[in-house]
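Asker: If you scroll down you'll find the structure; I have some questions about it.
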Amino acid sequence: MPSLTLRPSRQASCPIKVSFEFFPPKTPEMETTLWASIQRLAPLNPQFVSVTYGAGGSTRERTHATVSRIVTETPLKPAAHLTCVAATKDEVDNVVRSYWDAGVRHIVALRGDPVAGIGTAYEPHPGGYRQTCDLVAGIKAIGDFEVSVSAYPEKHPEAASLDSDIDVLQAKVDCGADRAITQFFFDNDHYFRYLDRVRARGISIPIVPGIVPVQNFKQTANFASKTGASVPEWLAARFEGLDNDVETRRLVAAAAVAAEQVIDLVDRGVNEFHFYTMNRADLVYAICHLLGLREQGVKAAA
């Protein structure tokens with residue numbers, strides 16, 4: 001098990017840049033939590049904040065409503081998630097145009113999970129975009145959007161090999177992708193080995209590490225098993241015996257896992273991070289503070 005060494009990180013060669021991911025709320029209580037988190041993190045001046053998206057009308061509408069509110073009520077730059085799943089090209093294109101009309105200029109383009117759920121076979125909509133690269137090209141044809149896409153340091157679970165998965169990333173870049181954000185990982189060596197292979201292929205866009213502060217170890221481990229991210233034994237050991245001890249879990253997550261991970265990444269030359277917030281601000285704020293970020297005096301509307 002790696003030792004805990006929460007030393008101050010060496011000065012980054014470039015300023016630290018962060019972005020945050022949120023998901024649209026389903027209930028009034030969740031909406032209150034979301035906007036409290038946005039208000040808490042907004043003064044850290046993120047590059048952008050992304051809002052996740054699922055297939056189906058209600059989720060799509062909640063995403064659009066959340067993104068629109070960020071545009072109108074905060075100084076933040078939103079990035080709206082968009083998928084190929086369960087929609088025709090015309091329907092997806094209309095969503096893209098509606099984002100443009102709302103003032104959104106950044107989209108996170110994703111294929112999306114199979115309609116029947118993770119682990120089942122993906123089937124493109126007969127009248128829709130088949131893959132992410134097609135979606136990226138479609139978005140770029142509609143407007144001058146910045147487009148981010150996904151990347152998988154341990155390969156996408158459906159990919160035959162890491163090389164074939166990098167082929168998919170190359171296709172996204174060829175269609176106009178500007179940035180890739182990785183699936184979360186816990187072993188930084190996975191990220192750097194992946195980055196070496198991507199750069200060896202001539203892919204030069206930023207490959208931004210996605211970081212998840214572990215709020216609930218069992219839930220995170222379950223999600224990791226579905227998305228192809230490995231969970232090291234040393235990480236499981238750090239949360240052992242804490243199933244019913246929420247506060248200690250939070251302290252371990254902040255101090256012993258995520259903070260140590262990002263400090264190591266900074267020491268190895270990384271200066272840009274994307275945080276999967278799970279709509280909770282405190283752990284992410286603490287980690288950003290350890291990275292040297294301070295409030296810029298800008299608040300989001302309550």
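Every number in this text was worked out from the coordinates using simple rules, so none of it is lab data. Note that this is a predicted model, so its numbers are computed, not measured. Cβ placement follows ideal geometry from the backbone for every residue including glycine, while neighbour counts extend to all protein chains displayed.
Asker: For region 60-134, give the magnitude of the charge dipole about the Cα centre (Cβ charges: +1 Lys/Arg, -1 Asp/Glu; no others), in debye to the nearest 20.
Answerer: Using only the charged Cβ atoms, the result is roughly 220 debye.
Asker: Now for a different question. On average over all directions, what projected area in square nanometres does region 124-214 have, based on the convex hull of its Cα atoms? The partial results should precede the final answer.
Answerer: Details: hull surface 27.2 nm².
Projected area, direction-averaged: 6.8 nm².
Asker: Find, among the trypsin sites (Lys or Arg not before Pro) in region 109-204, those assigned to loop by DSSP (not H, G, I, E, B) with at most 15 other beta-carbon atoms within 10 angstrom. Could the numbers behind the result be given before it?
Answerer: Numbers: sites: R111, R130, K140, K155, K172, R179, R193, R197, R199, R201; in loops: R111, R130, K155, R201.
Passing both the DSSP loop test and the Cβ count: R130, R201.
Asker: Mean projection of the alpha-carbon convex hull of region 55-158 over all orientations, in nm²? Don't jump to the answer; show the numbers that get you there.
Answerer: On the way: hull surface 27.8 nm².
Taking the Cα atoms of region 55-158, their convex hull projects to 6.9 nm² on average.
Asker: If you don't mind, another one. Going Cα to Cα from K89, which aspartates and glutamates come in below 13 Å? Please leave out same-chain ones fewer than 8 positions away.
Answerer: D134
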